[in-house]
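Please read the structure below before turning to the comments.
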Amino acid sequence: MKIYLASGNKNKKRELSQILSDFEIVTPDDEGIEFDPIETGTTFYENSLIKARTLWNIVHSPVIADDSGICVDALGGIPGVYSARYAGPEFPKGRPDGKRISQEEQNVFLIQQTNDALKKGGIDTTHFANGERSCHYACSMVFLVNPDKFFVVQETFEGTLIKDIKDKAGTGGFGYDPIIFLPQYNQTVAQISAEEKNRISHRGKATEYLKMLIYEYFKKN
């Protein structure tokens, strides 16, 4: 059974294919489909639904879409839904010209912005899950059957932001993974195995819940 993934990210396709191994996960690129939706949402849920509906209008077939990002508690959740476009403290929602900076630059900026905010003080960290450098990934995932019938799951993955880019570690994962430390593993997200990441990550947990809904849907239809 084919399910379209509303993304051009090969890493997301790989992770999803591992979890939904009974299905053929197909991206727009796989079939030469031009797909570049304008993400105008202010929440992960809104953006995931925009992507899902945009692709469904092209393929008229079941679609999975997700929107995810890293949220740093000391920065009030920055970069959040703008994680892919984040360009430092001057452009937390992305550069006005739309140009994106490299992931390495994003990592450096995010660490420095967090360090500066903590140094400045005045932040109530008592409610943070993992201390003053607490952060979490969030993932909102949609399985859309048609524009008016869909299922949504949102999950999180908690950790801490490293203090210095020199402390980044690991070659697994992608994005901000090398700078997100997991206290319970004494490793960064990029250091744990792909299997373990799929089990405990925001996207992995969201996909597992969605997987149950997908199987139930196809069982009835």
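The values are calculated or read from the model by the stated rules, or taken from the named source; none is laboratory data. Worth saying up front: this structure is predicted, and the values here are computed from it rather than measured. All Cβ positions, glycine included, derive from the backbone under ideal geometry; neighbour counts span all protein chains shown. All accessible areas refer to the heavy atoms of the entire protein, side chains included, with ligands and DNA or RNA removed. Shrake-Rupley method; radii C 1.70, N 1.55, O 1.52, S 1.80 Å.
From a point 7 Å beyond the Cα of Thr126 in the direction of its Cβ, which residues of segment 64-88 have a backbone N at a distance under 19 Å? It comes to 73-76, nothing else.
GNM, the chain, Cα, under 10 Å: largest mean-square fluctuation among Tyr82, Tyr209, Tyr137? Between Tyr82, Tyr209, Tyr137, it is Tyr209 that shows the largest mean-square fluctuation.
Full extension of the chain segment joining Asn146 with Asn115 gains 6.7 nm, where the gain is 0.36 nm per residue of separation less the Cα-Cα distance. Note the listed values (1) 19.0; (2) 17.2; (3) 18.1, then indicate which one is Kirkwood radius over Cα pairs in Å calculated from this particular structure. Structure-derived value, by its label: (3).
Summing Lys, Arg as +1 and Asp, Glu as -1, what charge do residues with Cβ under 14 Å from the Cβ of Lys2 carry, Lys2 excluded? So the surrounding residues net to -3. Compared with the dominant principal axis of the Cα atoms in the chain, helix 10-19 is inclined by about 70°.
Just give me a number: lysine pairs in segment 41-194, eight or more positions apart or cross-chain, with C-alpha atoms less than 22 Å apart. Kindly include the intermediate steps, with their values, before the conclusion.
Numbers: Lys51/Lys93; Lys51/Lys99; Lys51/Lys149; Lys93/Lys120; Lys119/Lys163; Lys119/Lys166; Lys119/Lys168; Lys120/Lys163.
Lysine pair count for segment 41-194: 8.
Taken along the Cα-to-beta-carbon direction at a fixed 7 Å, the label points for Ala84 and Asn186 span 3.7 nm.
Per residue, segment 41-171 exposes 49 Å² of solvent-accessible protein surface, assessed with a 1.4 angstrom probe and all protein chains in place.
Helix 44-59 axis versus longest C-alpha principal axis of the chain: approximately 30°, rounded to the nearest ten.
Principal-axis analysis of the Cα atoms of the chain puts helix 103-120 at an angle of about 50° to the longest axis. Roughly how many Å is it from the Cα centre of segment 140-175 to that of segment 64-94, as a whole number? A separation of 11 Å, based on Cα centres.
When peptides 146-152, 102-108, 67-73 are sorted by average Cβ neighbour count within 10 Å, with the highest value leading, the order is 67-73, 102-108, 146-152.
On the accessible surface of segment 70-121, probed at 1.4 Å, how many percent belong to carbon and sulfur atoms?
Numbers: 1460 of 2770 Å².
Carbon-and-sulfur percentage of accessible area, whole number: 53.
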